[in-house]
Amino acid sequence: MMRNAAATGLLLVAAFGVTALRYVPAVALPTLAPPSKEMQQAVKNIANALRGCNAVDRMLWSQIWSKVAAAVDADNTDTQVVWGDTEKLKVFTSTALRIGWRRIGGNKPGKYPELQPAVEAAFAAILTTKVQPVTKELRQSYCDLCQAIAWAGIGRDQ
Amino acid sequence: MSDAMLFGWQSDPAGSREFVASLPNPTFTQAAPGLEASGQDVFLGDYLLQCMPSWTRLSQPIGSCVGWGTALSIDILASVEILKRGEPERFGGRTLEASVYGLSRTAARGVETNRGGDGSTGFHAAKAIRDFGCLHYGVDYDGKTYTAPSSGISERTFGREGVPAQLMHFAKAHTCREVTLVQSWPEYAAAISNGYPVFICSDRGFNMTMKEGWLSPSGSWSHCMMGAGVRMDKPGGFIENSWGDCYKGTVDPRLPVQFQRSGGWVDAQVLDKMLAQGDSYAIAGFNGFQQTNMDSWTGGIL
């Protein structure tokens, strides 16, 4: 795949010159509906923390949080609930980040120094840090927050 | 379908009258004079399933129905207090039925051992959970953890020897502040409508085949079950048994799957007569588990 990309790049240089290369690594960021005002406020510092973030990381960030939201939202439709309390949700959240952000994306802790405190603050504001049962309302808030974090990653607010 | 229909309630009208007379608020009406049935259907099992999504009704292994009916009442009360009343507690898991059963046969009677046959009374269970508390599955009690399901051997041991002395202080941390007699359908409906579970002891038996979730009276069971719901379209109470998914026939599809064959609706008039036998109790004020906080949501990955 890498060879194909390199070959494509060389062909573009041959055909159109160096400026054509600018478009090769372009990443199509997803289109996400803006979250509620409350959620926008909650994730404002996350968007700020990602201000210098490159497009690849933005896309990965957005994809991870969108899929986390989709997975947890589906828990509402099954008779056998997987994430019954917030401690289990926390394990899922951190595992998704560990796999997606760290292992696949290769991002080390502290790469965006303000990101960790901003995400923790958003969760604390919307869901608190209490260990408690995941009610339908709490599950909805969790999914809304994850979607808002995904939205903050694509930088549409800036 | 459960093969064994085990009971275990011991009728002692004089004993229950004496116990009830000793209560600061003997009846539910006296304990909560302003509370009435809401006029709406209420199913308290929904709260339990939100706190414990994996819950299913298992089967009592010996004649320990009093322990099972009372323990489930505690679990439902704990979940109601967290979700309906917003008490700052966390759900600590399922109550160890054997602990309630054992305490009802020993400590609540002022004896250390009880070599009599299986079984207990409602009022001794009420006294046990008020004065001595209960243990829970999955909790580490200084290296001893009970895991579900409990065996007949362990339930019988608890029933004869009581809760081990070194665990009594753990049980004492989880008492129910108030127990009060429920002796009629209106009292039952008011209790359930306001989130107070009722464990029901009577000699009323039922046919094992339901019709749209309704149980019809049949035979005699010296049995303790657990009241977890009321409905008003055709007045009745939902009574949960302790024999697993024991009922055949057609279910009430509005109920969660976990409750559809493990309990059923009982006509208000039938329930009224069961309660009039004078050994059924509403419980309130569970001293639950301290709420805990997570150190983070993302675990230092970012």
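Readers should treat all values here as calculations from the given coordinates under stated rules, not as data from a laboratory. Fair warning: this is a prediction, and the values are worked out from it, not measured in the lab. As a convention, Cβ positions derive from the backbone with ideal geometry for all residues, glycine included, and neighbour counts pool all protein chains shown.
Tabulated results
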| item | result |
| --- | --- |
| Low-density loop positions, trypsin sites (Lys or Arg not before Pro), segment A:29-91 - DSSP coil, at most 15 other Cβ in 10 Å | A:ARG51 |
| Two-site label geometry, A:ASN54 and B:HIS169: point separation in nm, points 7 Å out along Cα→Cβ | 6.0 |
| For chain B, average projected area of the Cα convex hull in nm² | 16.4 |
| Virtual spin-label span in nm between A:LYS130 and B:ARG17, 7 Å along Cα→Cβ | 4.6 |
| Restricting segment B:102-186 to trypsin sites (Lys or Arg not before Pro) in coil, as DSSP defines it, with at most 14 other Cβ within 10 Å | B:ARG115 |
| Debye log10 I(q)/I(0) at q = 0.09, 0.15, 0.18, 0.20 Å⁻¹ for segment A:31-153, Cα point scatterers | -0.23, -0.65, -0.95, -1.18 |
| Label-to-label distance, nm, for residues given as B:LYS211 and B:ARG160 (7 Å Cα→Cβ offset) | 4.5 |
| Euclidean distance of C-alpha centroids, segment A:120-139 and segment A:44-66, integer Å | 22 |
| Inter-chain shielding of A:122-134 (mean C-beta neighbours from other protein chains, 10 Å cut-off) | 4 |
| Coarse-grained scattering of the protein assembly as shown at q = 0.08, 0.10 Å⁻¹, given as base-10 log I(q)/I(0) from a Debye sum over alpha-carbon atoms | -0.57, -0.77 |
| Spatial separation of Cα centroids for segment B:185-256 and segment B:119-143, in angstrom | 24 |
| Shape call, segment B:154-302: gyration tensor on alpha carbons, a/c limit 1.5 | prolate |
| In chain B, lysine pairs closer than 27 Å at Cα, eight or more apart or cross-chain | 13 |
| Peptide B:288-298 - average C-beta neighbours from other chains (10 Å radius) | 6 |
| Charge tally in the Cβ shell below 13 Å around B:PRO235, where Lys, Arg are +1 and Asp, Glu are -1, B:PRO235 excluded | -2 |
| Ascending count of other beta-carbon atoms within 10 Å, so fewest first, for B:CYS51, B:CYS224 | B:CYS51, B:CYS224 |
| Per-residue Cβ neighbour rank within 10 angstrom, fewest leading, A:VAL72, A:VAL131 | A:VAL131, A:VAL72 |
| Ranked B:TRP214, B:TRP265, criterion: other C-beta atoms within 10 Å, fewest first | B:TRP214, B:TRP265 |
| DSSP-defined antiparallel bridges as percent of all bridges, chain B, nearest 5 | 85 |
